[in-house]
Amino acid sequence: MGTLARGERGGKALTCYQALGMARAKVLGVVMKILFVCLGNICRSPSAEGVFRGLAPDVDTDSAGTAGWHVGKPPYGPMQDAALARGYDFSDLRARQFSAVDFERFDLIIGMDAENIANIEVLRPVGNKTEVRLFTDYAPGSGKSEVPDPYYTRDFDGALDLIEACARGLKATL
């Protein structure tokens, strides 16, 4: 979607979705595409994808990791257990690695922490204008600057609390 029907606003390139506006884009059958990115794609980003697809089923979502250690594997068991306790089932997801092609495939790329953002930006093709944001930008009241990795912190419920807040904030911006 990144290269289709780009408009201009204040010299900044816009995706088709941004240029048309959400309501008009929906009428024209354009679907916004959002990619959630973390380190291994087994905890935070699949959780963000699972939570957000429940809030915004009309948005095309995916998730990826900046590292390739877990490619092809399902989300981490304890993360899935915590999510299932809240009614989120994302057992169908499989880890994949982020690539430069994702800049052209998505309208918005969301990283879980500053290191993810830096690793994403290294792969940005020259001239590409796809927006990349921190997920916590959508939950400014949380007081958090990143979504902590529950693979290391073991705080799966805390991560889900923050992911839910960020997802609600993101949905509100659409």
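Using 0.36 nm per residue and subtracting the Cα-Cα separation, the extra length available between Arg86 and Lys129 on full extension is 11.9 nm. In order along region 162-174, phi translates into HN-Hα couplings of 5, 4, 4, 5, 5, 5, 5, x, 4, 4, 5, 7, 7 Hz, rounded to whole numbers, per the Karplus curve 6.51 cos²θ - 1.76 cosθ + 1.60 with θ = phi - 60° and x for Gly and Pro.
Taking θ as phi - 60° and the Karplus parameters 6.51, -1.76 and 1.60, the scalar couplings of region 122-128 work out to 4, 8, 4, x, 4, x, 6 Hz in sequence order, x denoting glycine and proline.
Express the C-alpha Rg of region 29-104 as a ratio against the empirical globular expectation 2.2 N^0.38 Å, rounded to two decimals.
Working: Rg = 12.1 Å, N = 76, 2.2 N^0.38 = 11.4 Å.
With N residues counted in region 29-104, Rg over 2.2 N^0.38 Å equals 1.06.
Taking the 1.4 Å solvent-accessible surface of region 86-174 as the whole, the part contributed by carbon and sulfur is 51%. Within the straight-line cut-off of under 15 Å between alpha carbons, the aspartates and glutamates reachable from Lys33 are Glu49, Asp58, Asp60, Asp62, Asp102, Glu104, Asp107, Glu131, sequence neighbours fewer than 8 places apart in one chain being disregarded.
A simple rule links phi to the HN-Hα coupling: the Karplus curve 6.51 cos²θ - 1.76 cosθ + 1.60 with θ = phi - 60°, which for region 34-40 gives 10, 10, 9, 10, 9, 6, x Hz, with x for Gly and Pro. Residues whose amide H lies under 5 Å from that of Ala95, counting only those 5 or more places away or on a different chain, are Gly72, Lys73; hydrogens are built 1.01 Å from N in the peptide plane. Ordering 155-163, 136-144, 38-46 by mean Cβ neighbour count within 10 Å, with the highest value first, yields 38-46, 155-163, 136-144. Along the Cα-to-Cβ line of Lys73, 7 Å from the Cα, sits a label point; which residues in region 129-168 have backbone N less than 13 Å from it? Backbone N within reach: 151-152. Annotation: amide H-H contacts under 5 Å for Met32 (H modelled 1.01 Å from N, sequence separation of 5 or more, or interchain): Asp60.
The values are calculated or read from the model by the stated rules, or taken from the named source; none is laboratory data. Only a predicted model underlies this, so the values are computations on that prediction, with no experimental measurement involved. Heads up, the Cβs are rebuilt from the backbone with ideal geometry, glycines too, and the neighbour counts pull from every protein chain shown. For accessibility, only protein heavy atoms count, side chains too; no ligands or nucleic acids. Shrake-Rupley method; radii C 1.70, N 1.55, O 1.52, S 1.80 Å.
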